[in-house]
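The values are calculated or read from the model by the stated rules, or taken from the named source; none is laboratory data. The model shown is predicted, which means the values in this text are computed figures rather than measured ones. Using ideal geometry, Cβ is built from the backbone for each residue, glycine included, and neighbour counts are taken over all protein chains shown.
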Amino acid sequence: MSGFVREARASDAEGLARVQAASWLETFAGLVPDAVIGELTSESAVDQWAARWRDAIGAPPTSRHRVHVAVEQAGASEILGFAAAGPATDEDLWPGADGELYELHVTPAVAAGGHDQRLLHAVADTFAEDGFSTAYTWALAGDSARIGFLEAAGWAPDGSRSNLDMGVKVAVVRLHTRLGR
């Protein structure tokens, strides 16, 4: 298994947007209306996501907001996956001690390459460095692959549920894990 994780650069923004769209095409299928998937992954949407990623990487809200990218080897420019994380945003959590994994995506063609595991480890390491004691994330309730991956990594549902409004209500569940220093 090869692969390398590094901090994202603004020049990675288009690669992040393309990985995000490819991941959504695969993981949202059957869970989100096709029209919504098409809208989120269109070329104009990918351009908008790239601009947002450029801003998020170039001017993060705090020093505890991080974006990591997975590449095949050190120095490689092709983005194979990424994870974005920072302080928790839910009202019932404390952003001083609770971290949130906002996004974790890997290009479907290389999904079996362990990049998701390396990205998750990088997020856990930076969470610990930044003083977070618990990590949280949301997953589509019907995304058994994502939930299974997180549970295998030591995460568990915390009982919180919600809905994303994507033209239809899409159920989501929150998972969490305790972090060691």
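Examine the stretch 69-84 for a residue that is part of a helix (DSSP H, G or I), small (Gly, Ala, Ser) and either closer than 26 Å to PHE127 by Cβ or under 18 Å from the mean Cα position of the chain (by Cα) (or both), and state whether such a residue exists. So that I can check it myself, show each step before the final result.
First pass over the stretch 69-84, keeping only residues part of a helix (DSSP H, G or I): none.
So far as the stretch 69-84 goes, no, none of its residues is part of a helix (DSSP H, G or I), small (Gly, Ala, Ser) and either closer than 26 Å to PHE127 by Cβ or under 18 Å from the mean Cα position of the chain (by Cα) (or both).
From the list LEU104, LEU120, which one is buried (at least 22 other Cβ atoms within 10 Å of the Cβ) and not in a helix (DSSP H, G or I)? Steps first, answer last, please.
Values: LEU120 fails: not in a helix (DSSP H, G or I).
Unique residue meeting the criteria: LEU104.
If we scan the stretch 51-72, do we find a residue that is buried (at least 19 other Cβ atoms within 10 Å of the Cβ) and without any contact (Cβ under 8 Å) to a residue 24 or more places away in the chain?
Checked the stretch 51-72: no residue is buried (at least 19 other Cβ atoms within 10 Å of the Cβ) and without any contact (Cβ under 8 Å) to a residue 24 or more places away in the chain.
Which ones in the stretch 125-181 are in a strand (DSSP E or B) and of a type in the set (Lys, Arg)?
As a first pass, look at the stretch 125-181 and keep what is in a strand (DSSP E or B): 134-140, 156-165, 169-178.
Answer for the stretch 125-181, where residues must be in a strand (DSSP E or B) and of a type in the set (Lys, Arg): ARG161, LYS169, ARG174, ARG178.
If we keep just the residues of the stretch 85-103 that are within 13 Å of the chain's Cα centre (by Cα) and free of Cβ contacts under 8 Å to residues at least 40 places away in the same chain, which is farthest from ALA156 (Cα to Cα)?
In the first step, residues of the stretch 85-103 are kept if they are within 13 Å of the chain's Cα centre (by Cα); the result is 85-86, 99-103.
Checking the rest, the ones that are also free of Cβ contacts under 8 Å to residues at least 40 places away in the same chain come to 86, 100-102.
Values: GLY86: 19, GLU100: 14, LEU101: 14, TYR102: 16 Å.
By that ranking, first place goes to GLY86.
Identify, please: which residue in the stretch 3-40 is acidic (Asp, Glu) and part of a helix (DSSP H, G or I) and is, among those, farthest from the chain's Cα centre (by Cα)? If you could, list the steps in order and put the result at the bottom.
Residues of the stretch 3-40 acidic (Asp, Glu): 7, 12, 14, 26, 34, 39.
Checking the rest, the ones that are also part of a helix (DSSP H, G or I) come to 12, 14, 26, 34, 39.
Working: ASP12: 15, GLU14: 16, GLU26: 15, ASP34: 21, GLU39: 19 Å.
Out of the qualifying residues, it is ASP34.
Condition check ((1) in contact with a strand residue (DSSP E or B) (Cβ under 6 Å, 6 or more places away or on another chain); (2) at pLDDT below 95; (3) of a type outside the set (A, V, I, L, M)) across all residues:
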| residue | (1), (2), (3) |
| --- | --- |
| ALA50 | no, no, no |
| GLY58 | no, no, yes |
| ARG66 | yes, no, yes |
| PHE82 | yes, no, yes |
| PRO87 | no, no, yes |
| ASP92 | no, no, yes |
| VAL106 | yes, no, no |
